[in-house]
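See structure below.
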Amino acid sequence: MMQAFYLSSEKKSNIVEVIGQRVELRKSGRELVGLCPFHDDRHPSLYVNSEKGVFLCRACQAGGDAIGFVRLIEGCSFKEALSILGLAPGPRAVPTTRRRRAAERVVRWVSRQRARLNNRIRELDEQIELADEIPDPELAEGFWRERGIIADLRDDLSRMEYLPNFIELKQSIEGIGQGNL
């Protein structure tokens, strides 16, 4: 998914700024750490050293500088990475490739599914309240389980590394969003 990286007015690439647009980073000693976008992991393993201008994933061993990060995340050449970062002579490249358009469609689909799942969670919250008023603990427990599954799915839809799996499960996810769990 090609995306223009927007840097501050300096011409030099700030690796924290570049990686921070794709990865939530937090301070860990002298470095910053976050979830690596290059493999499936729930534990922070991507370390960014702003002083040296480099990153390294201690799990998958992906590493390099800001240009290398853009090359890996975008699957592009060195020259294209320079252009995306605005470091190449001439105007900054804003790709309008078929790949970018497909990525934009996927982002719109994910947003729609997250909204549907949020609506379903609100409906389940109301059903839980009603089941508690009756009182029917078994019914409420069933709604709570369904709510937990849907909330986890909604949260996982934001994880870029799971995206290929979600594409394969598109119809099932859409059905869950419509209340067909």
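What follows is calculated from the coordinates using simple rules that are stated; it is not laboratory data. Note that the structure is a prediction, hence the values are computed from the model and not measured. Using ideal geometry, Cβ is built from the backbone for each residue, glycine included, and neighbour counts are taken over all protein chains shown.
Annotations
- Top-ranked residue in the range 17-26 [being out of contact with any Gly (no Cβ under 9 Å at 6 or more places or on another chain) and not in a loop (DSSP other than H, G, I, E, B); ranked as farthest from R159 (Cα to Cα)]: E17
- Listed by first and then second residue, the pairs with beta-carbon distance under 6 Å, at least 6 apart or on different chains, first residue in the range 144-163 and closer than 15 Å to D40 by Cα, second not in a helix (DSSP H, G or I), are M160/P37; E161/D40.
- Selected residue (only one of G34, G29, G53 is surrounded by 15 or more Cβ atoms within 10 Å (Cβ to Cβ) and farther than 22 Å from S158 by Cα): G53
- Pairing residues of the range 63-86 that are touching a residue at least 24 places away in the same chain (Cβ under 8 Å) and at positive phi with residues that are of a type in the set (A, V, I, L, M) and surrounded by fewer than 19 Cβ atoms within 10 Å (Cβ to Cβ), at Cβ distances under 9 Å and at least 6 apart in sequence or on separate chains, gives G86/A4; G86/L7; G86/A93.
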